[in-house]
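What follows is a short report on a single structure.
The values are calculated or read from the model by the stated rules, or taken from the named source; none is laboratory data. Remember, it's a predicted structure, so these values are computed and weren't measured experimentally. So basically every Cβ, Gly included, is an ideal-geometry build from the backbone, and we count neighbours across all protein chains shown. With ligands, DNA and RNA removed, areas are computed over all heavy atoms of the protein, side chains included. Shrake-Rupley method; radii C 1.70, N 1.55, O 1.52, S 1.80 Å.
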Amino acid sequence: MNTSSKSISLKELFKVSRPLWWVTTMMPFVAGYYFVGNRADLLLIVGALYFAVVYNLALYGINDIFDYESDMLNPRKNGIHGAIMPKSLHRSLWAWIKWTSLPFIIVFLLLGSFASSEWLALMLFMLVAYSIAGLRFKERPFLDSITSSFHYTSPFIFGCLLARADTYYLPAFGIFFLWAASNHAFGAVQDITPDTKAKIKSIATYLGAGKTVLLCTILYSFSAVLVPIVYGVQFLPLGLLMLPYIYFVARTYPYCKDDTHPIFRASWEKFIYCNYVVGFILTITLI
């Protein structure tokens, strides 16, 4: 195999950044900055661009570099679930991650507060620690789901801090965090077999398919119940938005003795469409 350094194309960078998932990190930032912080300015556009494209390029690009060998064993990679970039492109990918991230980070540090800068530093650490050799939070059961959840939920708090909001809606953030952690854990079930072959640990390889699915069902249900408890019965319809996730996960339970069963991948892919619908409803509610 030719491993000499080559330049990565824009098309390949686009694929690495997982465009289908851009909205999952961009919208939490927008919700924090615009809806909670009540600010609409150029920094909103800069932040939305960063968390849609650049943040995801760094998040998934670093993951693809350090997971290259194990991804080669995973049949669901090299598509919407992940890109497999040849080693000859890794150096170029690193350069793109660094030079696209740096200008945004400088802007956030110069225009943000001390609190937003501290939170950004934590976000960047967690982003790198998830995949990089020596830390590999993604291979530490339970910490893997916590870190993954932080990747998707932390832009909300950063948006609030950057806009110098008066409140951070921490209970809502906690519910959001549980939901995102459950998403990661359930997604890991379909990777149990390839991860085991690659000697990669995860919450799913540690608990097994059955216990992971049960845990996800409980966390989704708990999240649904928390909404009306914390914010009042008038917000019960928002709690009911968890029902599709509960259904998609719970229906896989009879098949947990075979983690390679197609139902796990099929249910996970339905999450993608469900996220867009639920995200739309939440956005309208915020407006």
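Leaving out ligands and nucleic acids, and using a 1.4 Å probe, what accessible area per residue does the chain come to in Å²? Numbers along the way, then the final one.
Details: 13810 Å² over 287 residues.
The answer is 48 Å² per residue.
In the range 241-282, what percent of the accessible surface is made up of carbon and sulfur (1.4 Å probe, ligands and nucleic acids excluded)?
70
Output the peptides 273-284, 27-38, 126-137 sorted from most to least packed, where packing is the average of other Cβ atoms within 10 Å over each peptide's residues. Mind dumping the intermediate values first?
On the way: 273-284: 13.6, 27-38: 21.8, 126-137: 16.0.
Ranking, from highest mean packing down: 27-38, 126-137, 273-284.
Of the lysine pairs in the chain, how many meet both conditions: Cα atoms under 13 Å apart, and a spacing of 8 or more in sequence or different chains? Don't skip to the end; give the middle numbers.
Numbers: K6/K87; K15/K77; K138/K199; K138/K201; K211/K257.
Step by step, the pairs that qualify in the chain add up to 5.
Per 0.36 nm of contour for each residue apart, how much would the distance between Y247 and F142 grow if the chain were fully extended, relative to their Cα-Cα spacing? Could the numbers behind the result be given before it?
Details: separation 105, 0.36 × 105 = 37.80 nm, distance 2.27 nm.
Between Y247 and F142, full extension yields 35.5 nm more.
Treating the beta-carbon of each Lys and Arg as +1 and of each Asp and Glu as -1, no other charges, what is the dipole magnitude of the chain about its Cα centre, to the nearest 20 debye?
On the way: 22 positive and 15 negative charges, 98 e Å.
Dipole of the chain, to the nearest 20 debye: 480 debye.
Only Cα pairs under 8 Å and at least 6 apart count here; give the relative contact order of the chain as a rounded whole percent. Write down the numbers at each step before the final one.
Values: 377 pairs, mean separation 52.9, N = 287.
Relative CO of the chain lands at 18 percent.
Just check the chain against the gyration tensor rule for me: Cα atoms, a ≥ b ≥ c as the square roots of the eigenvalues, rounded for a/c under 1.5, and otherwise prolate or oblate depending on whether a/b exceeds b/c.
oblate
Apply the membrane-span-like helix rule to the chain: whole DSSP H runs, Cα extent along the own long axis of at least 20 Å, mean Kyte-Doolittle hydropathy at least 1.0. List the helices found. Spell out each step's value before the answer.
On the way: long enough: 90-111 (32 Å, 1.18); 114-129 (22 Å, 1.76); 143-162 (27 Å, 0.83); 170-189 (29 Å, 1.28); 209-231 (33 Å, 1.67); 262-286 (36 Å, 0.94).
Taking the DSSP H segments of the chain (at least 20 Å long, mean hydropathy at least 1.0), we get 90-111, 114-129, 170-189, 209-231.
Can you give me the solvent accessible area of L44 with a 1.4 Å probe, rounded to the nearest 10 Å²?
Only protein atoms counted, so the area is about 30 Å².
Would you please put 88-94, 60-66 in order of how densely packed they are, using the mean number of other Cβ atoms within 10 angstrom per residue and starting with the highest? Mind dumping the intermediate values first?
On the way: 88-94: 17.6, 60-66: 20.9.
Ranked from most to least packed, the peptides come out as 60-66, 88-94.
Figure the gain on full extension for I45 and K257 (residue separation times 0.36 nm, minus the Cα-Cα span) and round it to one decimal in nm.
On the way: separation 212, 0.36 × 212 = 76.32 nm, distance 4.69 nm.
71.6 nm is the gain from fully extending I45 to K257.
Tell me, what is the 1.4 Å probe accessible area of Y253, in Å² to the nearest 10?
120
Could you grab the relative contact order for the range 189-279? Cα pairs under 8 Å, six or more apart, rounded to a whole percent. Don't jump to the answer; show the numbers that get you there.
Values: 79 pairs, mean separation 27.6, N = 91.
This gives 30 percent for the range 189-279.
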